[in-house]
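Take a look at the structure set out below.
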Amino acid sequence: MKELKSKMGTDIGRAKILLEQGALVAIPTETVYGLAANAFDPEAALRIFEAKRRPSFDPLIVHTHSLEKAAEFLKEIPSEARQLAEAFWPGPLTLLLPKNAKIPDVVTSGLPAVAVRIPRHPLSLQLLEQLDFPLAAPSANPFGYISPTTATHVADQLGDQVPYILDGGPCEVGVESTIIGFEGSKTIVYRLGGMGIEDLAPYCTDIELMPHSSSNPQAPGQLKSHYAPRIPVLIGNLTEMLRKYPKEEVAVLSFRDFYPEVRHITLSPSGDLNEAAQNLFKALRELDKMPVRRILAERVPDYGLGRAINDRLSRAAAS
Ligand code: TXA
Ligand code: MG
């Protein structure tokens, strides 16, 4: 435990030195913690895939601190993308844009576009400002498991793989960024996330939601069974499901109601979708430690962050 503690802290200087040496550092963002490395260094980027046991066909998101810095590794920034970036960065929105040769192919799994965003977290923004390179960073969890929303979540699972975890406290948004790309006049949503698509609407004429697929080489992040606890998750009407299963065998994940007769976690007693998103991954981790055979969950209202919550719940249930 003592060793783990020294691995976690707010020492930006230490994070900077490690990253400059090509090592991995876990960084806080407003969405989830990322497992970061120098995005210009193919060997450093490879270490991310190894540490996470992530398949090489699943590309990484590149984090930077200004639109000017992003322009240095992009072929072009279409005007629609520029408007979105100016409106929502720093924030939970990732844009797929054509990369130039500065970004090695290993980062994008050979795809011509790179996923870019400016994260909204003061510690990581300070760190990015001090570095001469952007940071490639997927969520800091073993591949396929639930994304971390605290430094301790990262230490619990990747503590042995990461020399330093920059501790920025609990993540403010709690679900990963919304990923969008552009095709002609269309804006395509590849992953629902921390930025509500209602907020994007005024900036995009034609928004299309990409359906999930279990093997889509265009957007590997769409792998359906993702974000999954080890205990099976069932989604439906809680009252009906509770009639069906023995109470000692289940744990309940509810949106706003309490279920005192069973083990349960309530995401937001006041029915606030932002609070529910903030609590979602932590709740799934806690439920996954309970001595039960099934996790029973219910969907939340399908707007704003509710869409991303429902998306993560169905992916958790898919495996
Ligand atoms: O909020 C977030 O987005 C967090 C924080 C750390 O920024 N990152 C994150 O990364 O969730 P990750 O690896 O868990 O998800 C990244 C997903 C990939 O699974 C992939 O589908 C998509 O982003 N992606 C990345 N680069 C892509 C590309 N060039 N083309 C298509 N999809 C891409
Ligand atoms: Mg991930």
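The values are calculated or read from the model by the stated rules, or taken from the named source; none is laboratory data. Just so we're clear, the structure is a prediction, and the values are computed from it rather than from any experiment. Cβ coordinates were reconstructed from backbone atoms using ideal geometry, including for glycine residues, and neighbour counts include every protein chain displayed. Areas reflect the complete protein model, heavy atoms only, side chains present, ligands, DNA and RNA absent. Shrake-Rupley method; radii C 1.70, N 1.55, O 1.52, S 1.80 Å.
Odds and ends about this structure:
- Dipole moment magnitude, nearest 20 debye, segment 125-280 about Cα centre, only Lys, Arg, Asp, Glu C-beta charged: 620
- Less than 5 angstrom separates the built amide H of ALA140 from those of TYR33, GLY34, LEU35, all sequence-distant by 5 or more or on a different chain.
- About its Cα centre, the dipole of the chain is roughly 900 debye, where the only charges are +1 on Lys and Arg Cβ and -1 on Asp and Glu Cβ.
- Whole-number D in µm²/s for segment 43-168 (Stokes-Einstein; Kirkwood sum over Cα pairs; 37 °C, 0.692 mPa s): 215
- Overall, segment 31-169 carries a charge dipole of about 240 debye about its Cα centre when +1 sits on the Cβ of Lys and Arg and -1 on the Cβ of Asp and Glu, all other atoms neutral.
- Protection proxy ranking of 6-17, 156-167, 89-100 - average other beta-carbon atoms within 10 Å, highest first: 89-100, 156-167, 6-17
- Among the DSSP helices (H) of the chain, those spanning at least 18 angstrom by Cα along their long axis with an average Kyte-Doolittle hydropathy of -0.5 or more are 273-288, 305-318; this is a geometric and hydropathy rule only.
- MRE, 222 nm, helices only [DSSP H, n ≥ 4, -39500 (n - 2.57), over the chain, to nearest 500]: -9000 deg cm²/dmol
- In the full protein context, the chain carries 43 Å² of accessible surface per residue, based on a 1.4 Å probe and ignoring ligands, DNA and RNA.
- Between the residues ASN237, PRO291, VAL252, the greatest Cα displacement towards the positive end of the dipole of segment 233-317, with unit charges on the Cβ of Lys, Arg, Asp and Glu, is found for PRO291.
- Calculated from the alpha-carbon coordinates, segment 233-317 shows an Rg and a Dmax of 11.8, 34 Å respectively.
- Sequence ranges 28-38, 123-133, 190-200, ranked by mean other-Cβ count within 10 angstrom, highest first: 28-38, 190-200, 123-133
- Top positive-direction residue, dipole computed over the chain with Cβ charges, set GLY159, TYR303, SER268: GLY159
- Radius of gyration over Kirkwood radius for the chain, both on Cα atoms: the Rg/Rh ratio is 0.97.
- Charge dipole of the chain about the Cα centre (unit charges at C-beta), most positive-ward option of SER314, GLY181, ALA137: SER314
- Placed amide H near ARG191: partners under 5 Å, 5+ positions off or other chain: ILE179
- Sorting the segments 43-51, 279-287, 113-121 by their residues' average number of neighbouring beta-carbon atoms within 10 angstrom, most packed first, yields 113-121, 279-287, 43-51.
- In summary, segment 99-217 shows an alpha-carbon radius of gyration equal to 1.20 times the 2.2 N^0.38 Å reference for compact globular proteins.
- Amide H contacts under 5 Å for VAL114, placed H, 5+ residues apart: LEU97, LYS99
- DSSP-defined beta bridges in the chain - what % are antiparallel, rounded to 5: 40
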